[in-house]
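S.K.: Before I ask anything, here is the structure I am working with.
The values are calculated or read from the model by the stated rules, or taken from the named source; none is laboratory data. Here the structure is a predicted model, which means the values were calculated and not measured. With ideal geometry, Cβ positions are generated from the backbone for all residues, glycine too; neighbour counts draw on all protein chains shown. Areas reflect the complete protein model, heavy atoms only, side chains present, ligands, DNA and RNA absent. Shrake-Rupley method; radii C 1.70, N 1.55, O 1.52, S 1.80 Å.
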Amino acid sequence: MSLLQIEGLGIDFGGLRAVNDVGFSLKPGEIVSVIGPNGAGKTTLFNMISGVYAPARGRVVLNGEDITRMPPHMLARRGLSRTFQNLQIFQSMTVLENAVAGHHLHERGSVFADLFSLPAARRRSKASEDSARALLDRVGLGRAAEQEASSLSYGALKRLEIARALALKPRVLLLDEPAAGCNAVETEEIDHLIAQVAAEGVSILLVEHDMKMVMRISNHIVVLDHGEKIAEGEPAAIARNPRVIEAYLGAQATEAQNADG
Amino acid sequence: MIMRLSSKATTLLILAAVIAIAPFFFPSSYYFRVGSLIFVNGLAVTGLVILIGYAGQISLGHAGFAGIGAYACALAPIHLGLHPALAAILGALLSAAIAFLVGRPILRLKGYYLAVASLGFGILVSMVLSNEAQLTGGPDGMAVPELGLRAVLKAVGIDLSNTEFWYAFSGLALVLGAWLALNLYHSPTGRALRALHGSEVAARTVGVDVAHYKLVAFVISAIYASVSGSLLALQNKFITPDVAGFMHSIEMVTMAVLGGAGSVLGAILGAAILTTLPQVLTVFQEYEQLMLGLVMMLVMIFMREGLLPSVAHRIRGRGE
Ligand SMILES: Nc1ncnc2c1ncn2[C@@H]1O[C@H](COP(=O)(O)OP(=O)(O)OP(=O)(O)O)[C@@H](O)[C@H]1O
Ligand SMILES: [Mg+2]
């Protein structure tokens with residue numbers, strides 16, 4: 001049975017059909033990648049699934065429950081977590097605090113206990129801090145824990161967002177270009193991390209421009225172009241698909257032209 | 001941020017030490033009065049640190065809650081026969097309830113819109129207090145009964161003058177208020193507030209109910225303002241609608257921003273500076289509103305983070 005099901009999802013911005021009639025599904029522990037040229041609508045699709053945008057058409061079903069247009073914090077409670085292409089870090093918090101903040105659902109309790117620093121509140125904080133440190137170690141940021149988050153490099157912030165998203169203990173994790181700005185070694189580490197997380201049963205929806213990584217770790221690939229799904233299938237089949245090649249080569253040809261002109 | 005530079009214990013220690021030691025340097029008993037005014041303002045501003053510094057929300061109407069706390073102490077003893085201390089608690093509960101009702105719709109607004117809406121709330125409260133003259137004495141104000149705690153202390157052998165008593169009592173209230181605010185900072189609730197300050201969308205995706213937590217910050221800061229208003233009314237034994245006025249709201253925000261709205265100690269420093277200046281400089285007294293405007297502009301231009309965090313940064317910068 002599928003854990004996450006997307007059906008006929010669509011949204012318009014003014015006259016632009018940013019995403020139209022996109023559907024696919026995700027099984028537990030499966031890695032599904034969404035690829036497509038710049039502006040294809042990948043991030044917009046993520047925003048609709050994660051409740052940041054309200055879709056105009058279609059449905060999102062998580063574990064049998066219709067979660068379309070549910071606000072993000074309610075989706076978080078149902079185990080849906082995500083990272084952002086354009087980083088959304090809690091500035092002026094430390095690296096550790098960012099990761100601890102990801103534990104919000106597990107550590108929240110009465111405001112009264114928090115104000116008076118009652119043992120219950122301290123216990124909750126301690127538990128999420130321990131777990132956050134373990135997660136930071138896992139993404140290779142253990143030694144940066146006490147640093148101001150804003151002092152990290154772009155690639156490190158990407159990994160911090162993954163740690164924060166994992167803190168939720170999600171069932172479905174949406175990663176929007178996790179390897180952007182990372183060098184080859186870091187990309188490989190992220191690659192391993194994603195595979196590991198998926199092996200633990202978390203379903204992963206991935207947007208990534210690094211095609212080698214996508215081809216290597218995806219179980220299934222969905223291709224978007226101009227907001228429409230133009231292909232879907234196993235990595236090997238997608239690599240051979242003429243429409244996909246055309247969409248990509250077309251985009252590259254245009255880019256080349258732009259670069260020339 | 002300054003918060004890590006000086007942990008919770010250090011901040012409280014500094015605060016308590018200054019409050020305890022300062023009287024030894026007072027040239028006259030008048031300074032006990034200045035001190036207690038600083039503490040009362042500091043308490044309201046500490047509440048604003050939670051709202052502005054932690055949660056990143058603005059209010060230009062918090063004097064409205066100070067007004068509710070102040071007039072509760074004047075009115076509840078007369079009309080409900082309550083002890084002034086219970087009246088202050090009633091005022092705080094009432095402020096919390098009103099903050100809950102008002103906060104829900106206005107906290108959906110952002111930036112300027114929230115500023116204007118909260119300003120409207122403050123003006124509303126001060127107008128009600130001015131216009132309900134039969135009840136509140138209108139712009140002329142009304143008397144507030146004696147708290148009576150000083151007499152109790154005297155009976156057990158602690159004999160303080162009126163100004164000394166209020167210095168100690170408000171000082172204690174401020175330390176307590178600072179302790180709660182610092183506890184909150186390092187707690188799950190505080191993290192949720194600071195997270196939504198940093199990025200609302202990211203806070204939502206980790207499960208923070210942003211509307212709920214903004215309301216929590218608004219209600220807590222309203223209680224601080226209310227208690228501050230009650231303490232002011234009780235120590236002055238007289239109160240006018242000015243306590244709820246627009247200028248008082250602006251004064252609170254300026255104090256917070258001057259010292260550094262992100263840091264409890266900084267905001268209290270801001271309260272100390274802006275409370276003391278009018279007392280020692282007559283120019284400041286005569287042109288208080290103009291001076292507040294000037295301070296606000298200078299801080300925004302030269303030290304966005306406020307006095308204490310800016311200085312701390314500069315010191316650290318030099319150390320490296
Ligand atoms: N909030 C918005 N308002 C208006 N237009 C938008 C908005 N968000 C996205 N768009 C437009 O929708 C289209 C799809 O954008 P989207 O960011 O989803 O693309 P993408 O596939 O993620 O691209 P990239 O690979 O560059 O990240 C683009 O034309 C973009 O300009
Ligand atoms: Mg994108």
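S.K.: Starting from the 7 Å offset along Cα-to-Cβ, what nm value, one decimal, do you get for the label separation of A:Y248 and A:A134?
M.R.: The two pseudo-label positions are separated by 3.8 nm.
S.K.: Now for a separate question. For an R0 of 30 angstrom, estimate the FRET efficiency from the Cβ-Cβ distance between A:S110 and B:H79 and round to the nearest 0.05.
M.R.: Details: r = 34 Å, r/R0 = 1.12.
Rounded to the nearest 0.05, the efficiency is 0.35.
S.K.: Right, here's the next one. Quick check on chain A: of the DSSP beta bridges with both residues there, what percent are antiparallel, nearest 5%?
M.R.: 55 percent
S.K.: Probe radius 1.4 Å, ligands and nucleic acids left out: can you give me the accessible area buried at the A-B interface, summed over both chains, in Å² to the nearest hundred?
M.R.: What A and B bury together is about 2700 Å².
S.K.: So if we plug the beta-carbon distance of A:A127 and B:Q134 into 1/(1 + (r/R0)^6) with R0 = 51 Å, what FRET efficiency do we get, rounded to 0.05?
M.R.: Details: r = 56 Å, r/R0 = 1.11.
Here the calculated transfer efficiency is 0.35.
S.K.: Here is a follow-up. Given axes a ≥ b ≥ c from the Cα gyration tensor, I'd like to know whether the stretch A:27-171 is rounded (a/c under 1.5), prolate (a/b larger than b/c) or oblate.
M.R.: Details: a/c = 2.15, a/b = 1.38, b/c = 1.55.
The shape class here is oblate.
S.K.: Now, a different point. Please compute the average number of Cβ atoms from other chains found within 10 Å of each residue's Cβ in peptide A:117-130.
M.R.: The per-residue average across the peptide is 2.
S.K.: Report the one residue of A:A99, A:G142, B:F169 whose Cα lies farthest in the direction of the positive end of the charge dipole of the protein assembly as shown (charges on C-beta: Lys and Arg +1, Asp and Glu -1; origin at the Cα centre).
M.R.: B:F169
S.K.: Tell me which of A:I11, A:T68, A:F90 sits at the most positive position along the dipole axis of the stretch A:1-94, charges placed on C-beta atoms (Lys, Arg +1; Asp, Glu -1).
M.R.: Highest projection toward the positive end goes to A:F90.
S.K.: While we're on this one: Measuring from the lowest to the highest alpha carbon on each principal axis, how far does chain B reach, largest first, in angstroms?
M.R.: For chain B, the Cα spread along each principal axis is 53, 45, 40 Å.
S.K.: Counting alpha carbon pairs within less than 8 Å and at least 6 residues apart, what relative contact order, in whole percent, applies to chain A?
M.R.: Taking the mean separation of contacting Cα pairs over the length of chain A, I get 26 percent.
S.K.: How much length would be gained if the chain were fully extended between B:A155 and B:L298, taking 0.36 nm per residue of separation minus their Cα-Cα distance, in nm to one decimal? Working shown, then result.
M.R.: Working: separation 143, 0.36 × 143 = 51.48 nm, distance 4.99 nm.
Extending this stretch completely gives an extra 46.5 nm.
S.K.: Just how large is the dipole of the stretch A:91-169 about the Cα centre, in debye to the nearest 20, putting +1 at every Lys and Arg Cβ and -1 at every Asp and Glu Cβ?
M.R.: 240 debye
S.K.: If you line up the long axis of helix A:184-199 against the longest principal axis of chain A, both from Cα atoms, how many degrees apart are they, to the nearest 10?
M.R.: 80 degrees
S.K.: Let me ask something else about it. Looking at the calculated P(r) for the stretch A:91-169, what percent of the C-alpha pair distances fall above 16 Å? Intermediate values should be presented prior to the final figure.
M.R.: Details: 1423 of 3081 pairs.
Roughly 46 percent, once rounded to a whole number.
S.K.: Compare each residue of the stretch A:151-177 in its chain alone against the assembly with all protein chains, and report those whose accessible area goes down by 10 Å² or more; 1.4 Å probe, heavy atoms.
M.R.: In the stretch A:151-177, residues shielded by partner chains: A:R164, A:L168.
S.K.: Another one. Rounded to the nearest 5, what is the percent of antiparallel bridges among the DSSP beta bridges in the protein assembly as shown? All intermediate terms of the calculation are to be shown ahead of the outcome.
M.R.: Values: 22 of 38 bridges.
Expressed as a percentage, antiparallel bridges in the protein assembly as shown total about 60.
S.K.: Quick one: if you take sqrt(5λ) for each eigenvalue of the C-alpha gyration tensor of chain A, what semi-axes come out, biggest first, whole angstrom?
M.R.: Values for chain A, descending: 33, 22, 17 Å.
S.K.: Follow-up question, since we're still on this one. Can you return the lysines within cross-link range of B:K110? Criterion is Cα-Cα under 26 Å, with same-chain partners fewer than 8 residues away left out.
M.R.: Qualifying lysines at Cα under 26 Å: B:K214.
S.K.: Could you do me a favour and compute the accessible area per residue for chain B, 1.4 Å probe, result in Å²?
M.R.: Result: 43 Å² of accessible area for each residue.
S.K.: Right, another one. Could you tell me the distance between the Cα centroids of the stretch A:169-193 and the stretch A:8-64, to the nearest Å?
M.R.: Each part reduced to its Cα centre gives a spacing of 20 Å.
S.K.: Extension gain A:R57-A:M1, at 0.36 nm per residue separation less the Cα-Cα distance, in nm?
M.R.: Numbers: separation 56, 0.36 × 56 = 20.16 nm, distance 2.36 nm.
Length gained between A:R57 and A:M1: 17.8 nm.
S.K.: Also, I was wondering about something else. Can you tell me, using C-alpha contacts under 8 Å and at least 6 residues apart, the relative contact order of the stretch A:91-169 as a whole percent? Before the final figure, lay out each step's value.
M.R.: Values: 95 pairs, mean separation 39.4, N = 79.
So the answer I get is 50 percent.
S.K.: Can I ask one more? So what is the relative contact order of chain B, in percent, for Cα pairs below 8 Å that sit 6 or more residues apart?
M.R.: Result for chain B is 34 percent.
S.K.: Using θ = phi - 60° and the Karplus relation 6.51 cos²θ - 1.76 cosθ + 1.60, list the HN-Hα couplings for the stretch B:162-173 in order, rounded to whole Hz, with x at every Gly or Pro.
M.R.: Using θ = phi - 60°, the values come out as 4, 5, 5, 4, 5, 4, 5, 5, 5, x, 4, 4 Hz.
S.K.: Straight-line reach from A:K212: which lysines have Cα under 29 Å away, leaving out those fewer than 8 places along the same chain?
M.R.: A:K27, A:K42, A:K158, A:K169, A:K229
S.K.: If each of A:K27 and B:A9 carries a label point 7 Å out from its Cα toward its Cβ, how far apart are those two points in nm?
M.R.: Using points 7 Å along Cα→Cβ, the separation is 5.5 nm.
S.K.: Could you work out, for the stretch B:105-197, what percent of all Cα-Cα pairs fall into each 5 Å distance bin, beginning at 0 Å and stopping at the bin that holds the largest distance?
M.R.: P(r) for the stretch B:105-197, in whole percents per bin: 3, 10, 10, 9, 11, 16, 16, 13, 9, 3, 1.
S.K.: Considering only protein heavy atoms and a probe of 1.4 Å, how much of the accessible area of the protein assembly as shown is carbon and sulfur, as a whole percent?
M.R.: Whole-percent figure for carbon plus sulfur exposure: 62.
S.K.: Something else about it: Which parts of the stretch B:258-283 would a label at B:I21 reach, counting a residue when its backbone N lies under 17 Å from a point 7 Å out along Cα-to-Cβ?
M.R.: It comes to B:269, nothing else.
S.K.: Could you give the angle, 0 to 90 degrees to the nearest 10, between helix A:119-138's Cα long axis and the longest principal axis of the Cα atoms of chain A?
M.R.: Around 40 degrees separate the two axes.
S.K.: Just the Cα atoms of the stretch A:131-261, one point each, no solvent: what log10 I(q)/I(0) does Debye give at q = 0.11, 0.12, 0.13 Å⁻¹?
M.R.: Scattering profile of the stretch A:131-261, log10 relative to I(0): -0.48, -0.56, -0.65.
S.K.: Kindly report the accessible area of chain A per residue (heavy atoms of protein chains, probe 1.4 Å, no ligands, DNA or RNA), in Å².
M.R.: Per residue, chain A has 43 Å² of solvent-accessible surface.
S.K.: Over the Cα atoms of the protein assembly as shown, each weighted equally, I'd like the Debye log10 I(q)/I(0) at q = 0.10 Å⁻¹, rounded to two decimals.
M.R.: Here the Debye-derived log intensity ratios amount to -0.88.
S.K.: So if I restrict to the alpha-carbon atoms in the stretch B:24-88, what is the Rg, and what is Dmax, the biggest pairwise distance, in Å?
M.R.: Calculated on Cα positions, Rg and Dmax stand at 15.7, 43 Å.
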